[in-house]
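Trainee: What follows is a structure written as structure tokens; I'll ask about it next.
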Amino acid sequence: MGSLVALGVLLFVLGCSSSDEQPTTSAVKPVTAVTTQLHEVQSDVRGESVPVSVILPPNYREADKDLPLLIHLHGGGGDRNRLIGFSDLYTHMFNSEILPPMVVVSFSGGPGSFYYGSWERFVTDELPTVGKRIVGNVARSGQNTDDGNFHGWLRHPEDWF
């Protein structure tokens, strides 16, 4: 359900950004695809390896500052592969400058995790460091695309906004 909400918001943003003007040939920028990665991350709080997916924006290695982190929580029944399924959408949003360059991560949380207990601690304490270890230039703060971890936002707003 959370992924449908996230997808709905992204599609709404895309619809609002459209224009009736057709770009001239000289104004069309080349499309650069995102980089997708799959990782197995050892979690201390979970006591197990957690499957993680990452989307890196075009030209992420050229960023002159830390990139923000967006944590994509897939919602019930999903897994890390749901994020990879959105790679074309993220490619479009980055190339159209609808989204600024950022690192997007997701993970397989298992059915019924609801991001409570050790899953909440994984999201708030360990997952933000994954991007830093993989890419190097990722800011600690981030955004979250699902309301499943709303209670985490309330307890630690300094980590998310």
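Trainee: Look through Val104, Val123, Val135 and report the one residue that is touching a His at 6+ places or on another chain (Cβ under 8 Å) and crowded, with 19+ Cβ neighbours inside 10 Å.
Mentor: Working: Val123 fails: touching a His at 6+ places or on another chain (Cβ under 8 Å); Val135 fails: touching a His at 6+ places or on another chain (Cβ under 8 Å).
The conditions single out Val104.
Trainee: Still on this structure: Limited to region 113-136, what total is found for residues that are among the small types (Gly, Ala, Ser) and within 17 Å of Gln42 (Cβ to Cβ)? Can you show your working first?
Mentor: Going residue by residue through region 113-136, those that are among the small types (Gly, Ala, Ser) are 113, 117-118, 131, 136.
Then keep just the ones that are within 17 Å of Gln42 (Cβ to Cβ); that gives 118, 131.
Total satisfying the criteria: 2.
Trainee: Please work out if Val45 is in contact (Cβ under 8 Å) with a residue 60 or more places away in the chain, surrounded by fewer than 17 Cβ atoms within 10 Å (Cβ to Cβ), under 25 Å from Asp125 (Cα atoms) and hydrophobic (A, V, I, L, M, F, W, C). Don't jump to the end; show me each part of the working.
Mentor: Working: in contact (Cβ under 8 Å) with a residue 60 or more places away in the chain: yes; surrounded by fewer than 17 Cβ atoms within 10 Å (Cβ to Cβ): yes; under 25 Å from Asp125 (Cα atoms): yes; hydrophobic (A, V, I, L, M, F, W, C): yes.
So Val45 passes the test.
Trainee: Show me the strands (runs of 3 or more DSSP E) entirely contained within region 34-117 in which 1 or more residues are more than 21 Å from Val135 (Cα to Cα) and over 13 Å from the mean Cα position of the chain (by Cα).
Mentor: Values: elements: 35-43, 48-56, 67-71, 103-107.
Correct list: 48-56.
Trainee: Please indicate, with yes or no, whether at least one residue in region 118-141 is in a loop (DSSP other than H, G, I, E, B), at pLDDT 80 or above and at negative phi.
Mentor: Kept after step one, since they are in a loop (DSSP other than H, G, I, E, B), are these residues of region 118-141: 135-137.
From what is left, the residues that are at pLDDT 80 or above are none.
Within region 118-141 (the criterion being in a loop (DSSP other than H, G, I, E, B), at pLDDT 80 or above and at negative phi), the answer is no, since none of the residues qualifies.
The values are calculated or read from the model by the stated rules, or taken from the named source; none is laboratory data. A quick note: this is a predicted structure, and the numbers were derived from the prediction, not measured. A quick note on method: Cβ atoms are made from the backbone with ideal geometry, for glycine too, and the neighbour counts reach across all protein chains shown.
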